[in-house]
Amino acid sequence: MSSQARENILGSIRKSLEENSLPMPFPAADRNEEFYVSEEISIEEKFAQEFSNLGGKFVYCADESEMIQQLESLRDAMKWNQIHVKDAFLQALFKENQLDFINESQDMSQIEVGLSLCECLVARTGSVILSSGQEYGRALPVYSPIHITIAFANQLVWNISNATALLKEKYNNEIPSMISLTTGPSRTADIEKTLVVGVHGPKEVFVFLIDKNWKK
């Protein structure tokens, strides 16, 4: 087909589209704005509700001391031997409180439980945002059969767009190479349409929310 013939066909298609175009059913959706029904509960309650609905386990903590008490109680109840931690902030906090079950080694071959900070929490989807820009890198949240996230009140945002804006501000528009939006335990139905949990990531996820702002 010659270039002139191709251009004639494309011209006819353009003309037809212009003459028969339909109005945008939701024109406001093209303005890059977000439309949600206003919430009657707090952002903390919304996250806890959505996260729990997806199979996550939410733990509220008034401060770091209560978080440590809750973590010790959970560890005893679940009979975990060690919890793997790579964040320097958490390592220092746990060392100060003499938690003997914290593992700080780089070897994750026998990891049982992984614990880390996060970038932020998204309330409306009950999601945890993690990235390769943090000290645990890419591996810890994926290798851990059980993953615990420690988050602070000022890391809660309503929407994914808010999370993106927060990341851009934090990293000065140099977004990390990997951003993970984790919504509940890992699950798949690829095999004979049977839901299987824990195939591509943790089978259990916890969020400990500390009700105070984190001064980074």
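What follows is calculated from the coordinates using simple rules that are stated; it is not laboratory data. These numbers come from a predicted model, not from an experiment. Neighbour counts are summed over all protein chains in view; Cβ atoms, including those assigned to glycine, are modelled from backbone coordinates with ideal geometry.
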Worksheet entry | Glu112 long-range amide H proximity, modeled H, under 5 Å | His84
Worksheet entry | Per DSSP, loop chymotrypsin sites (Phe, Trp or Tyr not before Pro) in segment 130-185 with at most 14 further Cβ within 10 Å | Tyr171
Response to the item:
Under the Karplus relation with 6.51, -1.76 and 1.60 and θ = phi - 60°, whole-Hz ³J(HN,Hα) for segment 93-105, x at Gly and Pro, equal 5, 6, 5, 4, 9, 6, 7, 7, 9, 8, 9, 10, 6
Response to the item:
Taking a straight Cα-to-Cα line shorter than 22 Å from Lys79, and setting aside same-chain lysines fewer than 8 residues away, one finds Lys57, Lys95, Lys203
Discussion item. Apply the a/c threshold of 1.5 to the C-alpha gyration tensor of segment 43-210 and tell me whether it is rounded, prolate or oblate.
Written reply: rounded
Discussion item. Just to check, using Stokes-Einstein with a Kirkwood Rh over alpha carbon pairs, what's the diffusion coefficient of segment 35-133 at 37 °C and 0.692 mPa s in µm²/s?
Written reply: 213 µm²/s
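If you count, for each residue, the other Cβ atoms within 10 Å and average over each peptide, how do 85-98, 112-125 line up from highest to lowest? Provide the component values of the computation, followed by the final result.
Working: 85-98: 15.5, 112-125: 21.9.
Descending packing order for the listed peptides: 112-125, 85-98.
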Item to complete: Excluding residues on the same chain fewer than 8 positions from Lys15, give the aspartates and glutamates whose Cα lies under 20 Å from its Cα.
Response: Glu7
